[in-house]
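Here the structure is laid out as structure tokens; the discussion comes afterwards.
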Amino acid sequence: MRIVLAPDKFRGSLTAPQVADHLATGLRAVVDGVVVDVAPVADGGEGTVDAALGACFTSRTVPVTGPDGATVDAAFAVDGTRAVIEMAAASGLDLVAPSERDALGATSRGTGELIGAALDLGCTDIVLGVGGSACTDGGTGMLAALGARLFDADGAVLPDGGGTLTRLHRIDVSALDPRLATTTFTLAGDVDNVLLGARGAAAVFGPQKGASPADVDVLDAGLTRLTQVLAEQLGHRAVDVAAAPGAGAAGGVGYAAMVVLDARRRPGIDVVLDVVGLADRIAGADLVITGEGSLDEQSLGGKTPIGVARLAARASVPVVAVCGRTTLTPQQLADAGFARTYALTDLVDDTETAIRDAARLTTRTGQLIGRGVNELIASRSRV
């Protein structure tokens with residue numbers, strides 16, 4: 001019997017590899033001779049590098065500039081000429097204490113430095129997972145780390161941060177790393193916001209990064225100025241892309257990646273499933289187990305468990321979901337393709353206990369699945 005474990009993280013309690021490991025422990029305790037294929041996945045944000053490492057990529061760690069300017073050690077994943085970079089590792093909101101968040105000054109420079117490190121290793125195919133960023137600088141910090149120079153009207157180099165972009169007069173892209181021209185970029189993420197306005201990067205995501213209403217206005221004005229300057233130098237496409245879905249991802253890093261790096265945007269879960277090679281790993285399996293911390297209406301929009309369930313359905317392999325909690329009805333869960341759903345909150349009285357004891361409860365859930373595994377596998381004919 002072969003079971004594929006392809007969960008996402010349980011935010012606030014377990015990483016995706018930890019979820020998979022605890023499920024595997026539970027399964028092995030009750031199912032003799034079970035072969036467990038551990039394939040943790042993610043949706044393009046936090047956990048994307050872990051997913052790549054689970055697919056035999058190699059971890060590399062380099063010191064980079066954090067969102068507040070302090071040096072942080074950030075890991076990325078490499079396999080030959082392919083690299084997987086997680087923006088949150090270098091420019092993430094979680095790298096800055098809530099009391100020290102600087103919405104106007106936070107920079108994406110470290111993300112650019114990670115790209116540079118991948119280029120130094122000979123990578124020519126780079127996946128950039130966006131999500132959880134601390135900055136709203138339109139990706140200008142990232143571009144600066146890759147050689148671009150930003151000037152004000154007096155010819156002075158602009159400091160990092162979205163708060164200075166209203167003074168932007170010119171961007172010199174002639175000194176961008178020449179290796180970028182022969183590098184393919186994939187932007188992995190599910191944020192479909194545009195760059196500017198009420199659905200833009202500043203208005204929608206700025207407040208959670210510490211931006212006041214006045215800061216949001218400054219940031220949006222700066223991003224508007226960025227599009228104007230790039231349009232003057234690169235043509236009207238710079239304006240068109242600002243209105244494209246995903247341009248507002250990661251404080252506008254999505255915009256810079258698409259305009260300057262010619263990145264192709266794809267749903268994060270699709271990118272990660274390709275990196276992990278999950279379709280091939282599911283083929284011929286007896287059961288697939290997936291899940292995430294909260295299985296809810298947002299999940300149905302294409303989060304990790306739904307992407308995994310679709311792959312399993314194509315291979316006619318039954319799939320079950322494990323989650324911290326679910327707000328979906330039994331019919332919604334069945335319609336999503338799950339033969340059964342196990343929630344940690346079914347085992348304890350409250351969510352706080354489920355979070356605190358997630359490791360033990362996930363192992364126990366693996367045992368519960370194992371005890372009913374023959375019935376689940378028999379559902380193959382109904383998939």
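Here are some notes:
- Helical segments meeting 18 Å axial Cα length and Kyte-Doolittle 0.0 threshold in the chain (DSSP H): 16-30, 213-234
- Value of [θ]222 nm, deg cm²/dmol, for the chain, DSSP H segments ≥ 4, -39500 (n - 2.57) each, nearest 500: -10500 deg cm²/dmol
- In the stretch 48-268, the inverse of the mean reciprocal separation of distinct Cα atoms equals 16.7 Å; this is its Kirkwood hydrodynamic radius.
- Euclidean distance between Cα centres, the stretch 18-58 to the stretch 67-107, Å: 24
- Counting DSSP beta bridges with both ends in the chain, the antiparallel % (nearest 5): 35
- Among [x] 124; [y] 229; [z] 136, the entry derived from the coordinates for volume of the Cα convex hull per residue in Å³: [z]
- Tensor-based shape of the stretch 1-43 (alpha-carbon gyration tensor, a/c under 1.5 rounded, otherwise prolate or oblate): oblate
- Alpha-carbon centroids, the stretch 232-272 and the stretch 145-189: separation in whole Å: 14
Every number here is computed from the coordinates shown, using simple stated rules; none is lab data. As the structure is a computational prediction, the values presented were derived from the model and not from experiment.
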